[in-house]
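J.: Can you keep this structure in mind? I'll have questions shortly.
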Ligand code: TYD
């Protein structure tokens, strides 16, 4: 599977009408996991790089519900960059994907849906350690 297939862009249905837009994301339906946690990042700016980690357990969907930001996604082999700039669009990140979020517009609100409760121990924050962990992970996966 290519990285883009592993981390697909998701388009959510627009249930809006003349009163405005409405976007619904149901766990296990529009996204491939049940949602256990929601957090959002705002008041970052174009000088900030966030993320810079991979997660051993968590899956995420990232959505810019306002403004825009970019996500650099890698599995240690391939890399791709997604601009999140529409409330109806998200990107799915499975376990063990390294991501950097950056280029936040001043009005950016980056909503993150997660498959787990927070556990700092499942984070890999060192890129070399991540590459080592990926070698083992890919052996198990294949
Ligand atoms: P961090 O992982 O550095 O944020 P980002 O991925 O956006 O760069 O998290 C910042 C702080 O918030 C850090 O001390 C851990 C804490 N935190 C929680 O307590 N719960 C959470 O769900 C998240 C995402 C972070």
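Every number here is computed from the coordinates shown, using simple stated rules; none is lab data. Everything numeric here is computed off the predicted structure, so don't read it as measured data. Cβ placement follows ideal geometry from the backbone for every residue including glycine, while neighbour counts extend to all protein chains displayed.
J.: Which of 29, 52, 11 moves the most in a Gaussian network model of the chain with Cα springs under 10 Å?
T.: 29
J.: Let me ask something else. For the Cα atoms of the chain, what angle does the longest principal axis make with the long axis of helix 127-141, in degrees from 0 to 90, nearest 10?
T.: 90 degrees
J.: What's the FRET efficiency of residue 140 with residue 22 using the Cβ-Cβ distance as r and R₀ = 35 Å, to the nearest 0.05?
T.: In this case the efficiency is close to 0.30.
J.: Here's another thing I want to ask about it. Using just the Cα positions, wrap the chain in a convex hull and report its mean projected area in square nanometres, one decimal place. Could you put the intermediate results ahead of the total?
T.: Values: hull surface 35.8 nm².
That works out to 8.9 nm².
J.: Treat each spin label as a single point 7 Å out from the Cα along the C-beta direction, and report the residue 30 to residue 78 distance in nm.
T.: About 2.6 nm separates the two model spin labels.
J.: On to the next question. Which one of 47, 116, 74 has the biggest mean-square fluctuation once the chain is modelled by GNM with Cα springs under 10 Å?
T.: 47
J.: Relative contact order of the chain: what whole-number percent is it, with Cα pairs under 8 angstrom and at least 6 residues apart?
T.: Answer for the chain is 32 percent.
J.: I've got another one for you. When the chain is treated as a GNM, springs tying every alpha-carbon pair under 10 Å, which of 122, 18, 79 comes out with the largest mean-square fluctuation?
T.: 18
J.: So what is the calculated 222 nm ellipticity per residue for the chain, using -39500 (n - 2.57) for each DSSP H run with n of 4 or more, over all residues, to the nearest 500 deg cm²/dmol?
T.: Rounded to the nearest 500, it is -4000 deg cm²/dmol.
J.: Another question about this same structure. For the stretch 1-49, report the convex hull volume of the alpha-carbon atoms normalised per residue, in Å³, without decimals.
T.: Spelled out: Cα convex hull of the stretch 1-49, divided by residues, is 169 Å³.
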